[in-house]
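Please treat every number below as a calculation from the coordinates, not as lab data. Predicted model, so just to flag it, every value in this text is computed and none were measured. Here the Cβ is made from the backbone with ideal geometry for all residues, glycine too, and neighbour counts use every protein chain on show.
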Amino acid sequence: MRHLLLAGFLLAAPTALAQGAAAPPAESPPVGPDQALLRALLWAAEPAPEEIRAIALEDLALLGDPRALGPLSTFLWNPSPRVQSAAVRAISLFQHPRAEEILSGVVRNPRLPDALKIQALDGLLYQRTPSARATVEAASKDPRLPLALQSAALNVAARWGGARP
């Protein structure tokens, strides 16, 4: 939580400095991308019911700001499976090298649930990079992984098009 507070201060500092000591205008100015990201991060980290946090995480991805990927990855360790799943869905919406790195890490992590790994495999499909494809194919052939996970990886590889079995 401290890193979210620090992020808030860092994102708000340039805006506060630019405004100086001037009184706030009568009408609220349009929200900039930094303020929108900060608000979305705060809503996602707010203690709220699981449904609300899941919606906030998915809304965070709709901003399309890759700076959100770091905070989104912290929600993968939330004890709630619903929040974890929402974090993977949100990360999957980004086509960014960091998103691919996070999704690949989910697939390889032995402490995360298999359902989350299957969801991450689906997210790798939308990255459309050779390294994401290599991760999916490696998961389909890894004998250390459960059969359900290998099968899901084969399914994703088949949807990729022209995949080798």
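Of note:
- Remark: spin-label model distance residue 50-residue 93 equals 2.0 nm, labels positioned 7 Å along the Cα→Cβ axis.
- Segments 99-106, 47-54 sorted - mean Cβ within 10 Å per residue, highest first: 99-106, 47-54
- Computed extension length for residue 42-residue 111: 22.1 nm, one decimal, from 0.36 nm per residue of separation with the Cα-Cα distance subtracted.
- Relative contact order for segment 97-165: 26 percent, from Cα pairs under 8 Å spaced at least 6 residues apart, divided by residue count.
- Difference of contour (0.36 nm per residue) and Cα-Cα distance, residue 142 to residue 65: 24.4 nm
- Spin-label pair residue 131/residue 35, simplified geometry with 7 Å Cα→Cβ offset, distance in nm: 3.6 nm
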